[in-house]
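Report on the structure given below.
Rule-based calculations on the coordinates, nothing more; no lab input. Given the structure is predicted, the values throughout are model-derived calculations rather than measurements. Cβ placement follows ideal geometry from the backbone for every residue including glycine, while neighbour counts extend to all protein chains displayed.
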Amino acid sequence: DFYQLLLRDLLESSATSSSAATDLQAQLRAARRKAGKAGKTVDTKASKGRKLRYDIQPKLVNFMFPVPDDKPTFADALFEHLFKA
């Protein structure tokens, strides 16, 4: 705010003609509007739990929990009968 006031005072005092001052003030207003619209880019889809946030833990990369081999008791006899030569 302080620097804007100093710039405005400088423009008003150093402008020799009124048209140059109004042109500079218009440019100042346009620059201020442009600077006000250039806010942060926010991902609107990420709110309300719609986007998962996670950190990959190096120890767990490619980890697969061991799956117990639950085959029925008669499976050995079945395989022996199936693969007899």
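Give me the lysines in straight-line cross-link reach of Lys71: C-alpha distance below 29 Å, same-chain residues under 8 apart excluded.
Within reach: Lys84.
For Lys34, give me every one of the lysines with a C-alpha distance below 26 angstrom, ignoring sequence neighbours fewer than eight places off in its own chain.
Lys45
To one decimal place, what Kirkwood hydrodynamic radius in Å is obtained for region 41-85 from all pairs of distinct Cα atoms?
Values: mean 1/r = 0.0617 Å⁻¹.
Every distinct Cα pair counted, the radius reaches 16.2 Å.
Packing-wise, with mean Cβ within 10 Å as the measure, how do 44-52, 61-69 rank, highest first?
Working: 44-52: 8.2, 61-69: 5.4.
Those peptides, ordered most packed to least, come out 44-52, 61-69.
When the chain is fully extended, how far beyond the present Cα-Cα distance does Phe79 get from Phe2, taking 0.36 nm per residue of separation?
Working: separation 77, 0.36 × 77 = 27.72 nm, distance 8.77 nm.
Difference between extended and current length: 18.9 nm.
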